[in-house]
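Undergrad: Quick one: the structure is below, questions incoming.
The values are calculated or read from the model by the stated rules, or taken from the named source; none is laboratory data. Here the structure is a predicted model, which means the values were calculated and not measured. Note: ideal-geometry Cβ built from the backbone for every residue, glycine included; neighbour counts use all protein chains shown.
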């Protein structure tokens with residue numbers, strides 16, 4: 001019986017048991033990208049087909065061919081430089097459909113292929129746990145960051161999608177600020193593989209037409225208001241000013257162009273002033289004028305060299321203006337009084353010729369004072385602000401420092417009447 005079975009099998013045609021082979025050229029995760037690539041190959045080679053591969057990939061191949069013919073044709077095409085060096089002969093699993101590219105060409109002609117989307121690819125990790133930890137850190141800076149699994153199995157962190165021109169402009173800016181790796185690159189979704197953690201488009205505007213930089217003194221004042229510039233307002237283009245400009249560019253991400261970014265910052269400051277209700281205070285007791293948040297302040301009293309504005313509507317804010325004739329010693333005496341009264345708790349002092357600043361805080365309030373010797377007078381201010389709102393305090397402090405000036409002689413500096421003549 002066994003001998004008979006062997007004889008029957010030997011009598012069957014060999015073609016009935018042969019499995020067609022193909023020459024595998026490449027594979028794409030995105031079906032539209034595979035269709036487009038296959039059409040390109042079909043313009044150079046005959047018998048180009050598409051086939052489904054494990055993991056949702058689409059293969060591009062030449063076939064079907066018997067195994068020997070496939071090996072021979074692969075050798076010829078490689079020798080002629082018509083195939084990639086890593087092309088190979090493969091036998092698809094039983095039942096795999098081979099779709100000639102000509103059949104899909106009509107579909108490709110009637111259904112437009114979506115344009116690939118551009119991403120910033122930042123760094124990749126072989127280990128998923130490492131990639132997850134890195135994504136958590138990255139999202140502290142870029143909450144819209146995402147993660148993809150690359151075709152080779154690694155996990156890449158990304159920002160996007162982004163406008164290609166925007167991505168090209170922001171890559172070096174963010175790298176110089178150490179916000180992304182130096183070897184970060186632009187790529188497309190077709191090359192990234194499969195989404196693991198979906199991201200969203202970050203705020204990275206496309207490049208603007210360059211605008212001239214506003215006067216540096218105005219730039220420094222705006223940068224100090226934004227918390228980037230701790231230096232003197234001197235209109236000098238030094239390393240501290242340049243670093244502050246870059247900090248604003250990468251922080252606000254309004255534009256990569258310094259002139260455009262600084263103008264956007266100045267507009268943001270103007271909008272904030274309007275929102276905060278800042279207005280000019282002209283204080284008769286001291287003769288000083290200053291831009292202050294008067295909706296949070298109410299005049300309390302004037303005492304000798306001081307004019308005191310307390311909180312309004314339980315704002316927790318206070319402003320003290322001080323002015324008296326004198327020089328450096330009188331200025332130091334006034335700032336000593338500020339400390340003794342507890343307006344600036346545990347102060348850090350910065351004392352220079354003609355200028356003094358104090359800053360300190362406790363659990364309830366932030367205190368800051370600044371004073372100058374100007375035209376024979378020691379004058380300045382003290383700001384008290386709730387400890388729960390340090391960012392607004394810093395901005396108000398910058399406004400006070402920028403705007404303090406004299407509009408008239410203070411009432412506390414009026415000359416005594418001349419003695420009566422006998």
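Undergrad: Here are the criteria: (1) surrounded by 16 or more Cβ atoms within 10 Å (Cβ to Cβ); (2) under 30 Å from residue 267 (Cα atoms). Tell me which single one residue 158 does not satisfy.
TA: Of everything listed in (1) surrounded by 16 or more Cβ atoms within 10 Å (Cβ to Cβ); (2) under 30 Å from residue 267 (Cα atoms), residue 158 misses just condition (2).
Undergrad: Just give me the residues in region 380-396 being under 23 Å from residue 351 (Cβ atoms) and over 26 Å from the mean Cα position of the chain (by Cα), in sequence order.
TA: 380, 381, 382, 383, 384, 385, listed by residue number.
Undergrad: Is at least one residue of region 324-332 in the same structural domain as residue 377 (by TED's automatic domain parsing), in contact with a helix residue (DSSP H, G or I) (Cβ under 7 Å, 6 or more places away or on another chain) and assigned to a strand (DSSP E or B)?
TA: yes
Undergrad: If only one of 204, 186, 213 is more than 20 Å from residue 393 (Cα to Cα), out of contact with any strand residue (DSSP E or B) (no Cβ under 8 Å at 6 or more places or on another chain), at pLDDT 90 or above and not in a helix (DSSP H, G or I), which one is it?
TA: 213
Undergrad: Go over the candidates 358, 400 one by one and state the one that is touching a strand residue (DSSP E or B) at 6+ places or on another chain (Cβ under 6 Å), more than 18 Å from residue 325 (Cα to Cα) and not in a helix (DSSP H, G or I). Talk me through it step by step, then tell me what you get.
TA: On the way: 400 fails: not in a helix (DSSP H, G or I).
From the options 358, 400, the qualifying one is 358.
Undergrad: Looking only at residues that are in contact (Cβ under 8 Å) with a residue 24 or more places away in the chain and under 35 Å from the mean Cα position of the chain (by Cα) in region 290-308, which one is surrounded by the fewest Cβ atoms within 10 Å (Cβ to Cβ)?
TA: By that ranking, first place goes to 291.
Undergrad: If a residue must be under 13 Å from residue 151 (Cα atoms), touching a residue at least 60 places away in the same chain (Cβ under 8 Å) and surrounded by fewer than 16 Cβ atoms within 10 Å (Cβ to Cβ), how many such residues does region 177-195 contain?
TA: Number of matching residues: 1.
Undergrad: From the list 302, 247, exactly one residue is in a helix (DSSP H, G or I) and modelled with pLDDT of 90 or more. Which is it? Working first, answer last.
TA: Numbers: 302 fails: in a helix (DSSP H, G or I).
Sole residue among the options that is in a helix (DSSP H, G or I) and modelled with pLDDT of 90 or more: 247.
Undergrad: Within region 280-289, which residues are assigned to a strand (DSSP E or B) and either free of Cβ contacts under 8 Å to residues at least 40 places away in the same chain or crowded, with 21+ Cβ neighbours inside 10 Å (or both)?
TA: Within region 280-289, 281, 288 qualify.
Undergrad: Within region 221-240, count every residue that is in contact with a helix residue (DSSP H, G or I) (Cβ under 6 Å, 6 or more places away or on another chain) and either assigned by TED's automatic domain parsing to the domain that holds residue 178 or assigned to a helix (DSSP H, G or I) (or both).
TA: 5
Undergrad: Here are 50, 120: which of them is modelled with pLDDT of 90 or more, surrounded by 13 or more Cβ atoms within 10 Å (Cβ to Cβ), under 30 Å from residue 170 (Cβ atoms) and in contact with a helix residue (DSSP H, G or I) (Cβ under 8 Å, 6 or more places away or on another chain)? Write out each step before concluding.
TA: Numbers: 50 fails: under 30 Å from residue 170 (Cβ atoms).
Result of the check over 50, 120: 120.
Undergrad: Just one of the numbered conditions (1) over 33 Å from the mean Cα position of the chain (by Cα); (2) closer than 22 Å to residue 406 by Cα; (3) touching a residue at least 60 places away in the same chain (Cβ under 8 Å) is not true of residue 328; which one?
TA: (3)
Undergrad: Residues being in contact with a strand residue (DSSP E or B) (Cβ under 9 Å, 6 or more places away or on another chain), over 26 Å from residue 27 (Cβ atoms) and surrounded by fewer than 20 Cβ atoms within 10 Å (Cβ to Cβ): count how many of those fall in region 142-155.
TA: Of the residues in that region, 1 qualify.
Undergrad: Would you confirm, using the coordinates I've provided, whether residue 344 is touching a helix residue (DSSP H, G or I) at 6+ places or on another chain (Cβ under 7 Å) and either part of a loop (DSSP other than H, G, I, E, B) or within 27 Å of residue 231 (Cβ to Cβ) (or both)?
TA: In short, yes.
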